[in-house]
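Colleague: Below is one structure. I have some questions about it.
The values are calculated or read from the model by the stated rules, or taken from the named source; none is laboratory data. Computed from a predicted model, the values in this text were never measured in an experiment. Ideal geometry is used to build each Cβ from the backbone, glycine not excepted, and the neighbour counts take in all protein chains shown. What goes into the accessible areas is simple: the full protein's heavy atoms, side chains included, and nothing from ligands, DNA or RNA. Shrake-Rupley method; radii C 1.70, N 1.55, O 1.52, S 1.80 Å.
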Amino acid sequence: MELIVTAEDVARRLGYLTPLGDLVRQRIEVAVEDAQDTLIAYLGRPLLPAQYTERGVHAGADGWVLRHGPVIAVISAVLDTGTTSGPFGTPTYTVTYTAGIDARTDPQTAPLRLWVRATACHHPLLADAPARQRRVASASVEGQSVTYDTAAEPPVVLAPPDLTTIDRWRLRGRRVYQAPTRPNPPGLTIPGHFGSGGL
């Protein structure tokens, strides 16, 4: 998976020294991937532009009528073979194009990168990060003991913003509705017909 933020971006916020060791880098990258997977599922779209091919496409007055957007570039448009016109007397084409948001570099998608960084910082794999540890008040080498400063609160790592703050990039129709379940009064249900019946 291509990451929209670098491991170093997350490491700096967690107090890790750079250059990163392989183990720390792998843990950070897993945390970023998990955050991106959550974001992709919520938005219902990839975080980086993708290439699409659609057949039977009509040319509209303002350009091609395509399913995915925003369109970045049309790579090719080939007249569909075997038919020179569609149902309305207009030719159809097979169009190959790139479309989508670019959450890695587009300045307008900075809130998506912020959400991924902040979520990755709270991943359980990174619980031992320097910025998430309590301060040590004293340490004894011979006795192998550590005393933490109880007067100071543990460091606060930026919490991820609520997912609703990035609804601007969410595809329409992604909300799920489930009708409330209503219990049926005893004796009013006809077998095989849930919720139906009567006296």
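Colleague: According to the square roots a ≥ b ≥ c of the eigenvalues of the Cα gyration tensor, what is the shape class of the range 1-93, taking rounded for a/c under 1.5, prolate for a/b larger than b/c otherwise, and oblate for the remainder?
Modeller: Here the range 1-93 falls in the prolate category.
Colleague: How far apart, in nanometres, would the label points at Thr94 and Thr6 be if each is projected 7 angstrom from Cα along the Cα-to-Cβ direction?
Modeller: 4.1 nm
Colleague: Further, regarding this structure: What span do the alpha-carbon atoms of the range 1-53 cover on each of the three principal axes, reported in whole Å from largest to smallest?
Modeller: 43, 20, 16
Colleague: Would you give the gap between the C-alpha center of the range 52-82 and the C-alpha center of the range 98-119, rounded to a whole Å?
Modeller: 26 Å
Colleague: Could you state how much accessible area Asp162 has, in square angstrom rounded to the nearest 10, with a 1.4 Å probe and all protein chains kept in place?
Modeller: The accessible area of Asp162 comes to roughly 90 Å².
Colleague: Follow-up. Arrange the residues Leu163, Leu79 by how much accessible surface each exposes, largest first, with a 1.4 angstrom probe.
Modeller: Result of the area sort, largest leading: Leu79, Leu163.
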